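Below is one structure; the comments refer to it alone.
No value in this document is a laboratory result; all are computed from the given coordinates. Since this is a predicted model, take the numbers as computed values, not measurements. All Cβ positions, even for glycine, are placed from backbone atoms using ideal geometry, and neighbour counts span all protein chains on display.
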Amino acid sequence: MDIHFACTNCGACCRGHHIALTLGEAVPWLRDDGRLMVLVEAFLENGFGVPEVQREHAQRRSARMRCGDTHAYVAITLAAYNPGVCQFLTEDKRCGIYDRRPLVCRIYPFEINPHIPLRQEFKDCPSEAWEPTAPVICRNGRVVNDELLRLIERSRQADRDEIAAKAEICRRLGIDVAAVKGDGFATYLPAPDRLLATIEDVLNESSAIVPDLQTSSLQNWGLHATRPETLDRLAAMKASVAATLPMNGTFIGL
Ligand code: SF4
Ligand code: SF4
């Protein structure tokens, strides 16, 4: 099946989305007075919390951390905090940083997560963007545009490459509680100045940090959940359960 698409520049995807950023994108975002949130989710090493079909992808972008008597795979996402309109959207609905816009913005309506298929009904793009006269961007579930494919792969690779550095950033910020994947997200809004300084420090030291992921995995992470059945399962697996989130974090249930 072919999916046709051509962006109409309507600007709808620049409203109300928390945009996942690479560490390299996060630094200029913060320097431009943007706010970033940290979203954390995790599943247990026995697979609790992740569908089997998603496990390989989820594991490759996660840090293995101690969690009580077991281990958890913790995925950490830095995202632009955009509860309303993106700070860079201009009045005439253009991107004010078009030439250096984040990878996630460049690949939309595709997603970093390969398990989210391209479905018109789940996207912000108006119906005119999907007219049959528009170029084909997806054929039988496969992206057909080479440049788009390269960008999607780059964003996925950054997700995998940066996990050790992100785990270290969380450790330095005092973030050590995740939500159970599928249950929700543990979200944190660190002070921008502190977050920027921490990211820059970690990036400057990153060659020393990456081989040290084994060491950081000695850090104990807690899991926060609200559903009684989830809490029962965590207790049965002797996972570390956190009743509250540090850093004034907020749990967003799914
Ligand atoms: S950075 Fe640009 S493309 Fe991305 S959400 Fe903001 S205005 Fe839109
Ligand atoms: S919502 Fe879709 S059509 Fe509108 S600017 Fe974003 S990508 Fe383009």
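Rounded to the nearest angstrom and ordered from largest down, what semi-axes does the equivalent ellipsoid of the stretch 2-247 get from its C-alpha gyration tensor (root of 5λ)? Write out the running numbers ahead of the final one.
Details: eigenvalues 206, 96, 56 Å².
Here the semi-axes work out to 32, 22, 17 Å.
Taking N as the number of residues in the stretch 11-142, what is its alpha-carbon radius of gyration divided by 2.2 N^0.38 Å? Present the calculation step by step, with values, prior to reporting the outcome.
Numbers: Rg = 17.4 Å, N = 132, 2.2 N^0.38 = 14.1 Å.
Taking N as the residue count of the stretch 11-142, the ratio is 1.24.
Please identify every one of the GluC sites (Glu not before Pro) in the stretch 141-179 that sits in a loop by DSSP and has no more than 14 other beta carbons within 10 Å of its own beta carbon.
On the way: sites: Glu147, Glu153, Glu162, Glu168; in loops: Glu162.
Taking the stretch 141-179 and a limit of 14 other Cβ atoms within 10 Å, no loop GluC sites (Glu not before Pro) are found.
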Work out, step by step, the length gained on full extension between Arg66 and Leu149: first 0.36 nm times the residue separation, then minus their alpha carbon distance; give nm to one decimal.
26.4 nm
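Longest segment of the chain with no trypsin sites (Lys or Arg not before Pro) in a DSSP loop having at most 15 other Cβ atoms within 10 Å? Kindly include the intermediate steps, with their values, before the conclusion.
Working: sites that count: Lys93, Arg94, Arg119, Lys238.
Result, exposed sites excluded: 120-237.
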Positive-end extreme of charge dipole, the chain - chosen from Leu149, Gln87, His115 (charges on Cβ)
His115
Sparse-neighbourhood loop sites, GluC sites (Glu not before Pro) in the stretch 1-92 - DSSP loop, at most 12 other Cβ within 10 angstrom:
Glu91
May I ask which residue of Gly16, Ala165, Leu234 lies farthest towards the positive end of the charge dipole of the stretch 2-247, with charges of +1 (Lys, Arg) and -1 (Asp, Glu) on Cβ and the Cα centre as origin?
Leu234
Could you size up the charge dipole of the chain around its Cα centre, putting +1 on the beta carbon of Lys and Arg and -1 on that of Asp and Glu, and report it in debye to the nearest 20?
240
Under the 0.36 nm per residue contour assumption, what length would be gained going from the current alpha-carbon distance of Glu91 and Gln157 to full extension?
20.4 nm
Förster-model FRET efficiency, 25 Å R0, Cys10 and Thr133, C-beta, rounded to 0.05:
0.90
Would you please state which residues of the stretch 142-173 a label at Asp32 would reach in this model, taking the label point 7 Å out along Cα→Cβ and a backbone N cut-off of under 19 Å?
155
